[in-house]
1. Report, by residue number, each residue of the range 276-330 that is assigned to a loop (DSSP other than H, G, I, E, B), at positive phi and in contact (Cβ under 8 Å) with a residue 60 or more places away in the chain.
2. Restricted to the range 484-524, and to residues that are of a type in the set (Ser, Thr, Tyr) and buried (at least 17 other Cβ atoms within 10 Å of the Cβ), which residue is nearest to residue 425 (Cα to Cα)?
3. Identify, please: which residue in the range 198-215 is within 26 Å of residue 31 (Cα to Cα) and assigned to a helix (DSSP H, G or I) and is, among those, farthest from the chain's Cα centre (by Cα)?
4. Could you please find all residues in the range 527-579 being part of a helix (DSSP H, G or I) and under 26 Å from the mean Cα position of the chain (by Cα)?
5. If residue 307 satisfies every condition in (1) under 30 Å from residue 525 (Cα atoms); (2) open to solvent by 20 Å² or more (accessible area, probe 1.4 Å); (3) of a type in the set (Val, Ile, Thr) but one, which is the exception?
6. Need the failing condition index for residue 103 against (1) in a loop (DSSP other than H, G, I, E, B); (2) surrounded by 17 or more Cβ atoms within 10 Å (Cβ to Cβ), just the number.
7. Quick check on the range 281-290. Is at least one of its residues among the acidic types (Asp, Glu) and open to solvent by 20 Å² or more (accessible area, probe 1.4 Å)?
8. Considering only the range 18-47, how many residues are in contact (Cβ under 8 Å) with a residue 12 or more places away in the chain, open to solvent by 90 Å² or more (accessible area, probe 1.4 Å) and within 30 Å of residue 159 (Cα to Cα)?
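The values are calculated or read from the model by the stated rules, or taken from the named source; none is laboratory data. Keep in mind that what you see is a predicted model, and the values were worked out from it rather than measured. Cβ atoms come from the backbone with ideal geometry, glycine included; neighbour counts cover every protein chain shown. With ligands, DNA and RNA removed, areas are computed over all heavy atoms of the protein, side chains included. Shrake-Rupley method; radii C 1.70, N 1.55, O 1.52, S 1.80 Å.
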Amino acid sequence: MKTTNKLRGQTVIFTGTPKSNEAPELVRQHGGEVYSFPLIRVQPIHRPDDIEQMKSCETATWLIFTSQSSVQSFAEKMERYQYEAKQFKGRIAAVGTKTAAALERLGFEVSFIPTVFSADVFVKQFAPEKEEQVHVVFLRGNLASSVLREGLPFRITEWTVYETVSNEAVFDDLVQCLQKTNRPIVSFASPSAVHIFAEHIAPQVGWEKIEPAAIGHVTERALAKEQVLNPIVPRVYTLIELVKEIVKTKGRERMTPTFKRNRRLRTTANLRAMVRETTLSKNDFIYPIFVIEGENIKNEIPSMPGIYQFSLDQYEAELTRVVEAGVPSIILFGVPSEKDACGTEAYNDEGIVQRATKLTKRLYPDLVVLADTCLCQYTDHGHCGVVEGDYVDNDKSLELLAKTAVSQARAGADIIAPSNMMDGFVAVIREALDEAGFVNVPIMSYAVKYASAYYGPFRDAADSAPQFGDRKTYQMDPANRREALREAESDIDEGADFLIVKPALSYLDVMREVKDMTNLPVVAYNVSGEYSMVKAAAAQGWIDEKAIVLETLLSMKRAGADLIMTYHAIDAACWLEEN
């Protein structure tokens, strides 16, 4: 091979003993220095029950060998108990071509080798016939990973035929070599080598003093557990291929600038579309609609241009707009003609939301209807529950909220969306729905709802501003992040099917953390104040409304939202159709 300087000034340290001189010689051919410090020793394990294990191997459907060490240890047992390869009736599988070659030298015919030297790939590709009759004997070392045992759906007998032990004799020499060498490349061929280095070498030298290289993803994961990331890893899991990858990596570093050319993936619109990580769809949107008692009413909300209160005789036209735009779901907010201290109209089976729900399901049965479950629009004091003195009584409020949810489900609501922020509201509503026979009606919980200034225009639309005090004793402090996770966790435990974060735009950090903690769908509520700010700026000609709205909604998806409640839903759906 042609000599180069790609590894000039570079030291490569093997933590095992190369089976041949090929890999060390390749390092030297490219100008590098090479040292070998075998951190582990492999020694066979002999136990009194070995002969019984050999008999089990005779009748097993498959024998799986994971390494050359397992083959070597098995060969010693064959010799000790005078076995020949032909005595084993089952088929042979080997993880890696070198393991297979060692088996063939013993006279075995290897029936299966995964395409990559990896236990994970083995599990994915190994598919014997008649799985229920398969008996696998897995010949392993004492530190072998659990991937095969946990990943294969067969009867498995594990036989530990060798053990990996620390080679303490090399520890001091390796530490000295690392201390006098400038950031050497240290190669690890197994998780065992990583564990021993972490326990005995890293405390004296530090991981930051080396550049790691790993053979195989299992070894790479072992490094990751030590917070050692981005090792050099070859595509083919052999030592010689690792050295080739080291040569290629270090040679590339010498030939190219130190910066990365990330702009390559932005050169054309189609290329940008190919690598786009987040997308918006009509199916993401939930459109809020305000329905009001009375006739021939279509009141535009002064603080929310383009958003109206609709009496039921005007409501059908708005539903048609929703359906024609392709928006798949709506959430209904009611404005009753009469209010009282207990919000009686909220759980009236002939209340405004209940009648609007029935009308919707009659006209457009496939449109998903969410019912906002709260009392603030229906109480004369504007709070979200029963008021005792100046305080909203949590448990008394729960009783009324449960009645409201059942009434809404009875009217045909597809999803119950409780927004009250009482403690335990999901548990109580879930129990009430189940007892009433609505076990399949999901709960979209306003799990994380802050006491926000962004709700001002909504309170105009729903006529729900509190008549005294504020809602800070039940809605969350905008300064708190960890509390949001506690609230979300409570609702998950109580049986919520969706989690809403409200508001969205100023709480994208919270949304991401909620998304990362759960597999439940997360919903962003793009609230009225966020909507109105965009509308006001657009009316002045200060911004491009379409571009701002789509970018804002995309940011919510990127932060982790699966769905978005937004007053922009119809416009955004039409703009996406144009695009």
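1. Once the filter is applied, which keeps residues that are assigned to a loop (DSSP other than H, G, I, E, B), at positive phi and in contact (Cβ under 8 Å) with a residue 60 or more places away in the chain, the range 276-330 yields only 326.
2. We begin by selecting, within the range 484-524, every residue of a type in the set (Ser, Thr, Tyr); these are 490, 506-507, 518.
Okay, now just the ones that are also buried (at least 17 other Cβ atoms within 10 Å of the Cβ), so 490, 507, 518.
Details: 490: 10, 507: 23, 518: 19 Å.
Per the criteria, the residue is 490.
3. Once the filter is applied, the top-ranked residue is 205.
4. Our first condition is that a residue be part of a helix (DSSP H, G or I); within the range 527-579, this holds for 528-539, 545-558, 569-578.
Selection gives 550, 551, 552, 553, 554, 555, 556, 557, 558.
5. (2)
6. (1)
7. Checked the range 281-290: no residue is among the acidic types (Asp, Glu) and open to solvent by 20 Å² or more (accessible area, probe 1.4 Å).
8. 2
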